[in-house]
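Structure record follows, encoded as structure tokens.
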Amino acid sequence: MLVAGLTAPAHAEAGYAAVTITLSATHLSGAVAAVADPAVTADIGQAGVPDGFLRLEVVASSNPAVAGPDDVRQERTGSGDRRLTVRARARGYTDLTLKVTGRGGRATTATLSYAASARVEGTFATRYLTGSSDASAAVDVGGGYALVADDESNVLRLYDRARSGAPVRTWDLGPALGLKKEADIEAAARVGDTVYWTGSLGNNKDGKYKAERNTVFTTRITGSGADTEVTFTAAYKGLREDLIAWDTANGNRYGFAAGTAAGQVPKRIDGFNVEGLEFAPGSTTTAYLGFRAPLAPAVPGGKALIVPVTNLDKVLSSGAKAVFGSGIELDLGGLAVRDIRKNAAGQYLILAGSWAADDNSDPYALYQWDGIPGHAPVKRADLPTTDPGGWEAIVEVPDLRVPGARVQLVTDSGSADLYGDGTEAKDLTHPEWKKARAAWFTLG
């Protein structure tokens with residue numbers, strides 16, 4: 001019996017079973033000159049015939065300029081399956097026709113739809129996290145793995161940081177949060193086995209208030225690496241109002257009320273949009289909220305804004321109203337906070353980028369900081385801006401005292417035209433073609 005949709009030639013001899021092929025995925029993405037690109041596994045078989053007697057070959061390509069039959073490499077797995085990878089020649093799409101031939105002239109075919117993005121700077125240090133293109137926050141969970149959130153869903157995904165490909169596991173927290181739409185997750189911070197996650201707290205891109213975005217929640221982590229487990233623990237849905245009340249009581253220095261008003265879009269210099277979260281030095285209760293907007297004061301050349309929440313633990317554990325410390329204003333060269341992360345030694349890295357909505361051509365940089373208000377951050381690296389998508393998340397902070405320390409960053413590529421057809425990545429039909437870029441950078 002043939003696999004649905006597959007056919008055998010009419011001249012196949014009687015007495016031999018049909019040949020079958022099942023692909024682990026019918027769609028695959030890659031990149032020009034990529035290293036460790038994702039693979040597809042082909043499970044081939046013919047009843048009564050050892051797998052070693054079956055021949056798998058690529059017989060056609062709908063667009064050889066992107067990848068042809070000779071650009072597909074196959075390796076045998078321990079179970080007798082074939083692992084297929086593709087070497088892309090150019091950006092674009094192609095359908096690759098696979099043919100399996102067995103005993104008695106029996107054969108069948110299948111189609112692998114392949115999409116290749118362009119070559120990027122730092123190819124050898126790049127991996128692609130597939131299944132989602134809108135990565136927005138990342139947390140290291142040990143063993144070379146990271147939990148990654150995106151701002152277009154309420155799904156957390158567990159990835160192998162060293163490999164390109166699909167997540168190892170996923171957790172959809174929407175039902176636990178009571179949300180049907182995305183919380184617009186933008187930042188995360190870990191304390192022990194608890195991870196704090198926050199939505200942007202701002203209006204949507206049309207300037208409309210969406211209650212889902214006004215969400216802060218916690219998850220509990222058990223295990224580590226590939227064995228990581230995630231459990232939802234608590235949520236708070238009033239932090240935006242607490243921030244507005246605090247700013248209003250302190251003379252509206254940061255314009256939170258105006259930045260959240262109806263019709264006000266969040267990604268403006270005077271908007272309202274949270275994209276960073278990390279705990280203060282030596283504290284498990286005071287957390288720093290890093291703002292993409294507004295700058296402080298909200299004029300060109302202004303400083304990046306961090307607002308301490310001094311009781312975030314109680315906000316989540318008991319629903320207490322948030323209490324705030326004085327705003328921290330940092331000179332990041334006119335850039336805003338896109339992420340903030342610290343290591344066990346209390347060394348902070350700030351990922352700095354534009355407050356603007358369409359900022360892929362604007363500069364990005366990494367700044368080192370000691371987390372102490374009044375102390376100035378120091379630039380450690382400028383980041384390339386030619387990559388599709390914007391730098392959005394720091395996975396973990398290395399020991400910044402070590403010369404040549406490297407840090408892994410992840411992009412939000414949701415608005416990028418990855419494959420040259422004008423389609424934004426977030427709108428691609430097939431999850432396998434959606435991807436965010438993870439890349440290692442050496443700090444100067």
Margin query: Rounded to whole Å, give me the distance from the Cα center of segment 190-230 to that of segment 274-353.
Written below: 15 Å
Next item on the list: Compute the distance in nm between two label points, each set 7 Å from the Cα along the Cα-to-Cβ direction, one at N343 and one at V49.
Entry: 5.6 nm
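Which pairs in the list K237/K435; K342/K426; K181/K208; K237/K314; K180/K426 are over 22 Å apart, alpha-carbon to alpha-carbon? Intermediate values should be presented prior to the final figure.
Working: K237/K435 30 Å; K342/K426 30 Å; K181/K208 14 Å; K237/K314 13 Å; K180/K426 18 Å.
Exceeds cut-off: K237/K435; K342/K426.
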Checklist line | Reach of K303 by Cα under 16 Å, taken over lysines that are not fewer than 8 positions away in the same chain | finding: K267, K379
Margin query: Just to confirm a number: summing +1 for Lys and Arg and -1 for Asp and Glu over residues other than R76 whose beta-carbon lies under 9 angstrom from that of R76, what do you get?
Written below: -1
Item checked: Cα-projected label distance for D417 with A381, points at 7 Å along beta-carbon direction, nm -> 2.9 nm
Item checked: Test item: Cα-centred dipole of segment 61-149, Lys/Arg +1 and Asp/Glu -1 on Cβ, debye -> 480 debye
Notebook entry, point to check: Among T126, I394, T285, whose Cα lies farthest out toward the positive end of the dipole of the chain, if unit charges sit on the beta carbon of Lys, Arg (+1) and Asp, Glu (-1)?
Noted result: T126
Check: From Cα coordinates alone, what are the radius of gyration and Dmax values for segment 125-182 in angstrom?
Finding: 11.6, 39
Margin query: Rolling a 1.4 Å sphere over the protein heavy atoms, what is the accessible area per residue of the chain, to the nearest Å²?
Written below: 40 Å²
Next item on the list: Select from L96, L54, L305 the residue whose mean-square fluctuation is largest in a Gaussian network model of the chain (Cα-Cα springs shorter than 10 Å).
Entry: L54
Note to self: Need one number: nm distance between label points at D331 and A262, each 7 Å from Cα along Cα→Cβ, rounded to one decimal.
What the structure shows: 4.2 nm
Next item on the list: Under 18 Å from a label point 7 Å along Cα→Cβ of R169: give me every residue in segment 204-238 with its amide N that close.
Entry: 218-234
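First compute the accessible area of the chain with a 1.4 Å probe, then give the percent of it belonging to carbon and sulfur atoms.
It is 50 percent, rounded to a whole number.
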Note to self: Calculate the FRET efficiency for K314 and N250 from the Cβ-Cβ distance with a Förster distance of 22 Å, rounded to the nearest 0.05.
What the structure shows: 0.55
Checklist line | Overall form of segment 208-294 per C-alpha gyration tensor (a/c, 1.5; a/b vs b/c) | finding: prolate
Notebook entry, point to check: So what's the net charge close to A88: Lys and Arg +1, Asp and Glu -1, counting the other residues with Cβ under 10 Å from its Cβ?
Noted result: +2
Next item on the list: Go through segment 112-181 and name the trypsin sites (Lys or Arg not before Pro) that are in a DSSP coil and have 11 or fewer other Cβ atoms within 10 Å of their Cβ.
Entry: K180
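The values are calculated or read from the model by the stated rules, or taken from the named source; none is laboratory data. As the structure is a computational prediction, the values presented were derived from the model and not from experiment. As a convention, Cβ positions derive from the backbone with ideal geometry for all residues, glycine included, and neighbour counts pool all protein chains shown. Ligands, DNA and RNA are stripped out before the accessible areas are found, and what is left, the full protein with its side chains, is counted by its heavy atoms. Shrake-Rupley method; radii C 1.70, N 1.55, O 1.52, S 1.80 Å.
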